[in-house]
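First up is the structure itself, then whatever we jot down about it.
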Amino acid sequence: EVQLVESGGGLVQPGGSLRLSCAASEFMFHNYWMTWVRQAPGKGLEWVATIRQDGSEKYYVDSVKGRFTISRDNAKNSLYLQMNSLRGEDTAVYYCARIGAAAGYYFDYWGQGTLVTVSS
Amino acid sequence: DIQMTQSPSTLSASVGDRVTITCRASQSVSVWLAWYQQKPGKAPKLLIYRASNLESGVPSRFSGTGSGTEFTLTISSLQPDDFATYYCQQYDRHSLTFGQGTKLEIK
């Protein structure tokens, strides 16, 4: 069974940084696009960033461009999200998700999420 | 960016009912639309992709239709496990967007 396990969340002050990790297992990680999606407390889902299999293409929602960086290490079956200059509105549960094998960017497997709280 | 609008925001229904949730896009997304189910405290679960393709393992009472700007998710006969929040998501462009969600409640 595909597994995605996020880690690295926690409490951080505004302006601070945090690096999220997502450990993937039970599938050929290097063959799949991957993504981060977040959900603020009591709110809906928001796509954050997507990365191609080899890391050569990366896409971001406008609100995180220049502050967040998505990356991956295929040798370690791991996905990352480096978050800098954090703001209160970045407070959310962050999910990593696998993008499905059929054409298009839909998310067929999700991790359990890691909570990021930005507060002083 | 493409905006996705779901209706209704909340839906009250009973076990056995047939329910339909609508998702409208601000511009055409062709068939590049997915539906997800989310229960409190859990990650979303993929139900439908490419507008009408049922994800493996998802019960056949779930179905999706539509293309262009208007899409529907139908549950043919509600089961107790179906009470949850449902989201649509477009993926016509590299900028991906979700609808605001539809909470399906027990009447």
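Residues considered: B:58, B:19, B:29. Largest GNM mean-square fluctuation over chain B, using C-alpha springs under 10 Å, is found at B:58. Residues considered: B:17, B:82, B:92. Largest GNM mean-square fluctuation over chain B, using C-alpha springs under 10 Å, is found at B:17. The mean sequence distance of close C-alpha pairs (under 8 Å, at least 6 residues apart), as a share of the length of chain A, puts its relative contact order at 36 percent.
Segment residue A:112..residue A:89, full-extension length gain: 6.2 nm, with 0.36 nm per residue of separation and the alpha-carbon distance subtracted.
Using a Gaussian network model of chain B in which every pair of alpha carbons under 10 angstrom is joined by a spring, one finds that among B:14, B:56, B:76 the greatest mean-square fluctuation is at B:56.
Applying the criteria of a DSSP loop state and at most 11 other Cβ atoms within 10 Å to the GluC sites (Glu not before Pro) of the range A:1-49 yields A:1, A:26.
Let me know the charge dipole size of chain B about its Cα centre in debye, to the nearest 20, where only the beta-carbon of Lys, Arg (+1) and Asp, Glu (-1) is charged.
Using Cβ point charges on Lys, Arg, Asp and Glu, chain B gives about 120 debye.
For a paramagnetic label modelled on residue B:81 (point 7 Å from Cα along Cα→Cβ), amide N atoms under 11 Å away belong, within the range B:43-61, to B:57-60. With the convex hull constructed from alpha-carbon coordinates only, the range A:28-120 shows a mean projected area of 6.4 nm² over all directions. Other residues lying with their Cβ under 9 Å from the Cβ of residue A:90 contribute a combined charge of +2, Lys and Arg counting +1, Asp and Glu -1.
Can you give the average number of partner chain beta-carbon atoms within 10 Å of each beta-carbon in peptide A:38-47, as a whole number?
Mean shielding count: 4.
Within the range B:3-49, list the trypsin sites (Lys or Arg not before Pro) lying in a DSSP loop whose Cβ has at most 15 other Cβ atoms in a 10 Å radius.
B:18, B:42
Computed from backbone phi with θ = phi - 60° and the Karplus coefficients 6.51, -1.76 and 1.60, the 3J(HN,Hα) list for the range B:87-97 is 10, 9, 8, 9, 9, 6, 10, 5, 8, 9, 9 Hz; x is used for glycine and proline.
Bridgeable lysines around residue B:107 (alpha carbons under 18 Å apart, same-chain partners fewer than 8 residues away excluded): B:39.
The phi-based Karplus calculation (6.51 cos²θ - 1.76 cosθ + 1.60; θ = phi - 60°) puts the 3J(HN,Hα) values of the range B:51-56 at 6, 9, 8, 7, 5, 4 Hz, whole numbers, x for Gly and Pro. Of B:41, B:65, B:95, which is farthest on the positive side of the dipole of chain B, counting Cα position, with +1 on Lys and Arg Cβ, -1 on Asp and Glu Cβ, and the Cα centre as origin? It is B:41, whose Cα lies furthest towards the positive end. Loop-located trypsin sites (Lys or Arg not before Pro) across the range A:63-116 with a Cβ neighbour count of 14 or fewer within 10 Å are A:65, A:87, with loop assigned by DSSP. Find out how many positive minus negative residues lie around residue B:46, taking Lys and Arg as positive, Asp and Glu as negative, among other residues whose Cβ is under 14 Å from that of residue B:46. Result for the local shell: +3.
Put a plus charge on the Cβ of each Lys and Arg, a minus charge on the Cβ of each Asp and Glu, and nothing anywhere else: the dipole of the range A:38-83 about its Cα centre is then about 120 debye.
Partner shielding of B:89-99 amounts to 6, given as the average count of beta-carbon atoms from other chains within 10 Å of each residue beta-carbon. Each residue, residue A:26 and residue B:65, gets one label point 7 Å from its Cα in the Cβ direction; the gap between the two is 3.6 nm.
Note on residue B:105 and residue A:119: the model spin-label points, each 7 Å out from Cα along the C-beta direction, lie 2.7 nm apart. Can you give me the Cα centroid spacing of the range A:14-52 and the range A:90-120 in angstrom? The range A:14-52 and the range A:90-120 have Cα centres spaced 4 Å from each other.
Of all aspartates and glutamates in the structure, the ones whose alpha carbon falls short of 15 Å from that of residue B:42, not counting any fewer than 8 places away in one chain, are A:6, A:108, B:81, B:82.
Mean per-residue shielding of peptide A:96-108 is 6, counting Cβ atoms of other chains within 10 Å of each Cβ. Net charge near residue B:25: determine it from the other residues with C-beta under 12 Å of the C-beta of residue B:25, scoring Lys and Arg +1 and Asp and Glu -1. Computed value for this residue: -1.
Rounded to the nearest 20 debye, the dipole size of the protein assembly as shown about its Cα centre is 220 debye, using +1 on the Cβ of Lys and Arg and -1 on the Cβ of Asp and Glu.
FYI, it's all coordinate maths here, none of it is from the lab. Quick caveat, the model's predicted, so the values are computed rather than measured. Cβ coordinates were reconstructed from backbone atoms using ideal geometry, including for glycine residues, and neighbour counts include every protein chain displayed.
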